[in-house]
Amino acid sequence: MPRIDRAVADVVATPEEVYAAFVDPEALGAWLPPDGMRGELSEARLHESGGFTMTLHYDEAPEGGGKTTSDTDVTHVVIDELVPGERVVWGVEFESDDPGNAGRMTMTWTFTARGGGTRVAIDATDVPAGIDADAHQQGLDASLAHLAAYCGAPDS
């Protein structure tokens, strides 16, 4: 059975405001990188059938190195679906020589209005076997926390 990783968080913003953080390259680069990493967004074409490349630089290189180099993970993202205020679907592939990290993971982000804010859920399906489940969960949770902070920040 394919692996599915899931994370959920409530964000103090409307679904439309949350969605806007996915289609603005500056916003995406600010909130998406997980804790302990700095992101560099390139080739950003944030529309359906577009995509982007995210290079994640580790603050401290992990034992055994990153997925792409000793201190980076590079992901290539294709935007499969954009439904304003409702859903974003990405196909994500890691640049890696390790076959355990190979394959296309699908990340479905859903936005549901809830009590003056938005419940944001991520379902990551077909997660490559080489992606550590605990580390991935921490990364998903951190990205959601950063999204919540970004959307709740003044002037965002």
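The values are calculated or read from the model by the stated rules, or taken from the named source; none is laboratory data. As the structure is a prediction and not an experimental result, all values here were calculated from the model. All Cβ positions, glycine included, derive from the backbone under ideal geometry; neighbour counts span all protein chains shown.
Can you tell which of T53, T68 is closer than 14 Å to V92 by Cβ, out of contact with any Leu (no Cβ under 6 Å at 6 or more places or on another chain) and at pLDDT 95 or above?
On the way: T68 fails: at pLDDT 95 or above.
Of T53, T68, the one residue that is closer than 14 Å to V92 by Cβ, out of contact with any Leu (no Cβ under 6 Å at 6 or more places or on another chain) and at pLDDT 95 or above is T53.
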Checklist entry - What tally of residues in region 74-86 results from selecting those that are buried (at least 17 other Cβ atoms within 10 Å of the Cβ) and touching a helix residue (DSSP H, G or I) at 6+ places or on another chain (Cβ under 9 Å)? => result 1
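If I go through region 1-28 residue by residue, how many of them are hydrophobic (A, V, I, L, M, F, W, C), touching a strand residue (DSSP E or B) at 6+ places or on another chain (Cβ under 8 Å) and either free of Cβ contacts under 8 Å to residues at least 60 places away in the same chain or surrounded by 16 or more Cβ atoms within 10 Å (Cβ to Cβ) (or both)? Even if it seems obvious, please write down each step before you answer.
First, pick out the residues of region 1-28 that are hydrophobic (A, V, I, L, M, F, W, C): 1, 4, 7-9, 11-13, 18, 20-23, 27-28.
From what's left, touching a strand residue (DSSP E or B) at 6+ places or on another chain (Cβ under 8 Å): 4, 7-9, 11-13, 18, 22-23, 28.
Now restrict to residues that are either free of Cβ contacts under 8 Å to residues at least 60 places away in the same chain or surrounded by 16 or more Cβ atoms within 10 Å (Cβ to Cβ) (or both): 7, 9, 11, 13, 18, 22-23, 28.
Selection size over region 1-28: 8.
Within region 131-138, is even one residue farther than 17 Å from I4 by Cβ and buried (at least 16 other Cβ atoms within 10 Å of the Cβ)?
Residues of region 131-138 that are farther than 17 Å from I4 by Cβ, as a first pass: none.
The answer is no, given that none of the residues of region 131-138 is farther than 17 Å from I4 by Cβ and buried (at least 16 other Cβ atoms within 10 Å of the Cβ).
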Next on the checklist: What are the pairs with Cβ atoms under 9 angstrom where one residue, in region 114-130, is among the acidic types (D, E) and the other, located anywhere, is outside any strand (DSSP E or B)? Sequence gap at least six, or different chains.
Outcome noted: D126/P2; D126/R3; D126/G103; D126/R104
Next on the checklist: So, in region 131-156, exactly how many residues are more than 17 Å from V88 (Cα to Cα), in contact (Cβ under 8 Å) with a residue 24 or more places away in the chain and among the aliphatic types (A, V, I, L, M)?
Outcome noted: 5
Checklist entry - Of the residues that make up region 49-63, is at least one buried (at least 19 other Cβ atoms within 10 Å of the Cβ), free of Cβ contacts under 8 Å to residues at least 40 places away in the same chain, in contact with a Pro (Cβ under 7 Å, 6 or more places away or on another chain) and not polar (S, T, N, Q)? => result yes
